[in-house]
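**Student:** What follows is a structure written as structure tokens; I'll ask about it next.
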Amino acid sequence: NDDEKTRRLAHLTNKYFYPVYGHEFGDYPTTGLRAIPINRTIEDPRRVSPYEDVVQIIERESYFCVAHCPCRQRKNLDPVALSCDHETSNCLHFGRLARYMVQQGMGREIGREETLEILGTAADAGLVHAVSTHLRAPDSICNCCSCCCIYVQSANVLGAHGHQRSNYVAGAVVQTCKGCGLCQERCPMNAIELQSSPDAENKRGEAAVVDPELCIGCGVCAHKCPTQSIRLARRSGDEYFPVTEREMAEQMAVERGINPFD
């Protein structure tokens with residue numbers, strides 16, 4: 001609803017975010033959302049696990065819906081916050097959750113083909129594919145921007161733990177990098193810089209350099225690289241992800257000094 005009460009609530013939620021909510025994710029290893037790489041940006045697709053493959057996740061499902069992104073709605077309804085130009089209707093849901101969203105009038109039923117089209121459009125727009133941190137049967141795919149997403153914002157403001165990274169990290173081939181800066185512009189984590197390099201073969205003498213500690217392995221940078229000089233490679237050690245939603249909740253509680261069984 002776009003009314004005075006909703007706008008005031010949106011403003012209060014944004015005001016609450018940095019001092020309280022953001023720290024609940026920025027200060028602890030496990031968050032509620034993890035990045036999923038854009039498929040075509042991975043250097044060796046043979047090593048991709050099913051839980052890391054956004055297309056495989058969709059292929060396993062049979063019922064889909066699309067809904068408005070609550071993070072962008074929250075920002076756009078706040079009269080004080082800067083509005084976001086990205087599409088709001090691109091939060092994807094599956095299975096029981098999707099049926100519930102449609103029944104309650106909060107989502108629109110779509111087919112598998114439109115689901116994949118929405119993902120492609122989101123990738124082109126520089127949005128991060130993300131799912132729940134747990135591995136088993138994710139019921140949603142978010143398409144996150146750095147200006148509105150509470151998890152990406154947490155990571156930018158409070159450190160890399162704000163958003164669970166994937167098992168991949170971006171890297172550039174210096175010799176073929178044009179030094180155009182498109183990857184730097186698209187990176188939602190500000191993890192890429194153009195730096196002078198003696199091996200750079202472009203007129204600028206610069207190449208993209210990725211900070212692996214800030215990179216969440218989403219592939220947004222590589223998706224539009226004109227020379228395919230930046231790709232995702234698997235990290236040396238896999239991230240640990242809880243298997244079930246219950247295990248994720250228990251792990252988050254333990255990290256905060258709470259006994260989940262009390």
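Nothing in this text is a laboratory measurement; each read-out follows from the coordinates by a stated rule. Computed from a predicted structure; not experimentally measured. When we count neighbours, we look across all protein chains shown, and the Cβ atoms used for this are built from the backbone with ideal geometry, even at glycine.
**Student:** Using a 10 angstrom Cβ neighbour count of at most 12 plus a DSSP loop assignment to flag exposed chymotrypsin sites (Phe, Trp or Tyr not before Pro), which longest range of the chain is free of such sites?
**Tutor:** No qualifying site falls inside 1-239, the longest such stretch.
**Student:** Say the dipole of the chain comes from +1 at the beta carbon of Lys and Arg and -1 at that of Asp and Glu; which of PHE94, SER236, LEU9 then lies farthest toward its positive end?
**Tutor:** LEU9
**Student:** 5 Å is the cut-off here: which amide hydrogens, built 1.01 Å from N in the peptide plane, fall below it relative to CYS91, excluding neighbours closer than 5 in sequence?
**Tutor:** Under 5 Å from the amide H of CYS91: ALA67, CYS69.
**Student:** Relative contact order for segment 186-256: what is it in percent, counting Cα pairs under 8 Å that are at least 6 residues apart?
**Tutor:** Reported as a whole number, the value is 22 percent.
**Student:** A further question follows. Can you list the lysines whose alpha carbon is less than 29 Å from that of LYS15, not counting same-chain residues fewer than 8 positions off?
**Tutor:** LYS5, LYS75
**Student:** Using only Cα atoms, locate the centre of segment 201-245 and the centre of segment 128-148, then give the distance between them in Å, rounded to an integer.
**Tutor:** 18
**Student:** Compute, for the chain, the length of the dipole vector about the Cα centre, with Cβ point charges of +1 (Lys, Arg) and -1 (Asp, Glu) only. Units Debye, rounded to 20.
**Tutor:** 220
**Student:** Also: Which loop-located GluC sites (Glu not before Pro) does segment 127-230 contain, where loop means any DSSP state but H, G, I, E or B and the Cβ has at most 12 other Cβ atoms within 10 Å?
**Tutor:** The qualifying sites are GLU213.
**Student:** In addition: Return ARG136, ARG96 ranked ascending by Cβ neighbour count within 10 Å, so the fewest neighbours appear first.
**Tutor:** Details: ARG136 14, ARG96 11.
Fewest-to-most Cβ neighbours within 10 Å comes out as ARG96, ARG136.
**Student:** Restricting things to alpha carbons, find the Rg to Rh ratio for the chain using the Kirkwood radius for Rh.
**Tutor:** Looking at the chain, the ratio lands at 0.98.
**Student:** Hey, what do the phi angles of segment 143-150 turn into as Karplus ³J(HN,Hα) couplings, whole Hz, using 6.51/-1.76/1.60 and θ = phi - 60°, x for Gly and Pro?
**Tutor:** Residue by residue, segment 143-150 yields 10, 9, 10, 6, 8, 10, 4, 5 Hz.
**Student:** Here is a further query. Determine the relative contact order of the chain: mean sequence separation of Cα pairs under 8 Å and six or more apart, normalised by residue count, in whole percent.
**Tutor:** 23
**Student:** Which lysines, on any chain, are close to LYS224 with Cα under 26 Å apart, when same-chain ones fewer than 8 places away are left out?
**Tutor:** Straight-distance partners of LYS224: LYS178, LYS203.
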